[in-house]
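Input: a single structure, listed below in structure tokens.
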Amino acid sequence: MPFQIRDLGGGDLPRLVELNTAAMPAVPLTPLEQMIALLERADHAFGILAPAETGSPPDRSYPGDAPGVAEEETLAGFVIAFGPGSDYASENYRFFEDRAAENRRPHLYVDRIVVASPFRGRRLGRALYSRVFAIARAEGRVEVTCEVNLDPPNPGSLAFHGRLGFAEVGRQHTKGGSVQVALLAASVDL
């Protein structure tokens, strides 16, 4: 079964919190109440569905399996993004809002992208970003922006974003100085 991308809804909240918590410290802890508020403010929130992991090879069948029965799906990853002018207090989002105002570079800000560890390496992150860039182009944005932790380090995410054409446009300390991030931007024309 191919992966499918769809908008997120209220029924996804428990899984979003679960995925987000498992991805810490690459993303901030976001309890259910905060996740609800985040989704209410977000301009875009969508996830990628994948066949549920069963621990067995996907092409293996078992006695008694009904032919043609679809495998159960699971939310394997998600993106939460904000456009210009959002009422969002994130220090990193504010950096890009200030930069956009100074340089006239309207952006689509990816607040977080998470892919569950069993599904990493299957190009799900790339598929999610493909949709992000399509949305940015359709909305007339010049670039897609995000941040990646430098301290605590997240070298895998830095490498992933580099492969997608993101370049560092700044650095800042956040959360009272406990986290340092690389602020990244990629042209929607890539």
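Annotation for region 103-117: at least one member residue is within 14 Å of Val27 (Cβ to Cβ) and surrounded by fewer than 18 Cβ atoms within 10 Å (Cβ to Cβ). Restricted to region 118-144, and to residues that are among the small types (Gly, Ala, Ser) and in contact (Cβ under 8 Å) with a residue 40 or more places away in the chain, which residue is surrounded by the most Cβ atoms within 10 Å (Cβ to Cβ)? Going through the qualifying residues, I end up with Ala136.
Only one of the listed residues (Val179, Val142, Val169, Val148) is over 17 Å from the mean Cα position of the chain (by Cα), closer than 17 Å to Ala26 by Cα and aliphatic (A, V, I, L, M). That residue is Val179.
Once region 103-129 is narrowed to residues that are in a strand (DSSP E or B) and aliphatic (A, V, I, L, M), the residue that is farthest from the chain's Cα centre (by Cα) is Leu108. Just wondering, is there one or more residues in region 3-12 that are outside any loop (DSSP other than H, G, I, E, B), within 15 Å of Asp111 (Cα to Cα) and touching a residue at least 12 places away in the same chain (Cβ under 8 Å)? No, region 3-12 has no match at all. The residue pairs whose first member lies in region 148-166 and is farther than 17 Å from Ala185 by Cβ and free of Cβ contacts under 8 Å to residues at least 60 places away in the same chain, whose second member is in a strand (DSSP E or B) and not polar (S, T, N, Q), and whose beta carbons are closer than 8 Å, counting only pairs six or more residues apart or on different chains, are Asp151/Val179. Residues in region 135-151 that are over 13 Å from Leu164 (Cα atoms) and of a type outside the set (S, T, N, Q): Ile135, Ala136, Arg137, Ala138, Glu139, Gly140, Arg141, Val142, Glu147, Val148, Leu150, Asp151.
Taken across region 154-164, residues that are surrounded by fewer than 12 Cβ atoms within 10 Å (Cβ to Cβ), basic (Lys, Arg), at pLDDT 95 or above and out of contact with any Phe, Trp or Tyr (no Cβ under 6 Å at 6 or more places or on another chain) do occur, with at least one present.
Taken over region 20-54, the criterion of being touching a Leu at 6+ places or on another chain (Cβ under 9 Å), farther than 21 Å from Val144 by Cβ and either at pLDDT below 95 or part of a helix (DSSP H, G or I) (or both) is satisfied by Thr21, Leu32, Met35, Ile36, Ala50.
The values are calculated or read from the model by the stated rules, or taken from the named source; none is laboratory data. Only a predicted model underlies this, so the values are computations on that prediction, with no experimental measurement involved. So basically every Cβ, Gly included, is an ideal-geometry build from the backbone, and we count neighbours across all protein chains shown.
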